[in-house]
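Peer 1: The structure follows.
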Amino acid sequence: MKTAIVFKRIFAVTAMFYDDITSFMELIRQQRFDEAEKDMKRKRREVGQAKKRIAELDRIFNRTYEDDVNGTISHERFLKLSAEYEAEQRELTEKVNAEQKKVDTYEQNKSDFDSFAAIIRKYVGITELTPVIVNEFIKKIVVYAPEKIDGKRFQEVDIVFNFVGEIHLPTDPQTEQKTMNEQEKTA
């Protein structure tokens, strides 16, 4: 029975991809990339601004050092200014590193989606589930203990696909059941 669920889910994903690639990509984009895309644009802009400021601080520090050597400013003033510039530069460098990691992760996720699409193209129209197909498609399968809801036996199965994680198809009865359960919890 569990194999049938996995097969149906893989088949539904490949069928949706094959029937309407635009709708499939829109579904995945909504689930994975919409909010992240806006956030990543902002992060890229912030990283660029921070890198410019770091370069500017280097130039300012060099001019301040020259002013110290030439006697234009006092050495005490130079020490105070250089400490402030170094602290700001250190803080900006840490921020750039952290934000750049997030941007890189996002870019990797977009690339992973392309890899997933290639796997789907390879297996469009499958008629049987083989270990090779399962290994290419599936990262892990989580099977929960059966529950009885409204007199019906219900078994929840989460399938985590390689590259893209969980995909919740609009026609998936499990997705509909999860939505009903979430609505009951908030009511």
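Peer 1: Based on C-alpha coordinates, I'd like the Rg and Dmax of segment 42-106, in Å.
Peer 2: 14.8, 49
Peer 1: Determine the alpha carbon to alpha carbon distance for each of Lys41/Lys139; Lys52/Lys102; Lys52/Lys80; Lys41/Lys80 and list only those over 25 Å.
Peer 2: Working: Lys41/Lys139 29 Å; Lys52/Lys102 19 Å; Lys52/Lys80 22 Å; Lys41/Lys80 36 Å.
Long pairs (Cα-Cα over 25 Å): Lys41/Lys139; Lys41/Lys80.
Peer 1: Using θ = phi - 60° and the Karplus curve 6.51 cos²θ - 1.76 cosθ + 1.60, what whole-Hz ³J(HN,Hα) does each residue of segment 56-69 get, with Gly and Pro shown as x?
Peer 2: The phi angles translate into 5, 4, 4, 5, 4, 4, 4, 5, 5, 4, 4, 4, 5, 5 Hz.
Peer 1: Between Lys139 and residues 5 or more places away or on another chain, which pairs have amide H atoms under 5 Å apart, with H built 1.01 Å from N, and which residues are they?
Peer 2: Hits under the 5 Å cutoff: Val160, Phe161, Asn162.
Peer 1: Same structure, new question: Can you figure out the FRET efficiency of Lys51 with Glu76, using R₀ = 30 Å and their beta-carbon distance, to the nearest 0.05? Display every interim value, and only then the final one.
Peer 2: Working: r = 31 Å, r/R0 = 1.02.
Efficiency, from the Cβ-Cβ distance: 0.45.
Peer 1: Label points 7 Å out from Cα along the Cβ direction at Val134 and Glu37: separation in nm?
Peer 2: Placing both labels 7 Å along Cα→Cβ, they lie 3.6 nm apart.
Peer 1: Cβ under 12 Å from Asp58's Cβ, Asp58 left aside: what net charge do those residues give with Lys, Arg +1 and Asp, Glu -1?
Peer 2: Taking every Cβ under 12 Å from that of Asp58, the sum is +2.
Peer 1: For Leu79, what charge total do you get from the other residues with a beta carbon under 11 Å from its beta carbon, if Lys and Arg give +1 and Asp and Glu give -1?
Peer 2: -2
All of the numbers you see were taken from the coordinates with simple rules; none came from a lab. Keep in mind that this is a model prediction, so the values were computed, not measured. Counting neighbours? That spans all protein chains shown, and the Cβs are built from the backbone with ideal geometry, glycine included.
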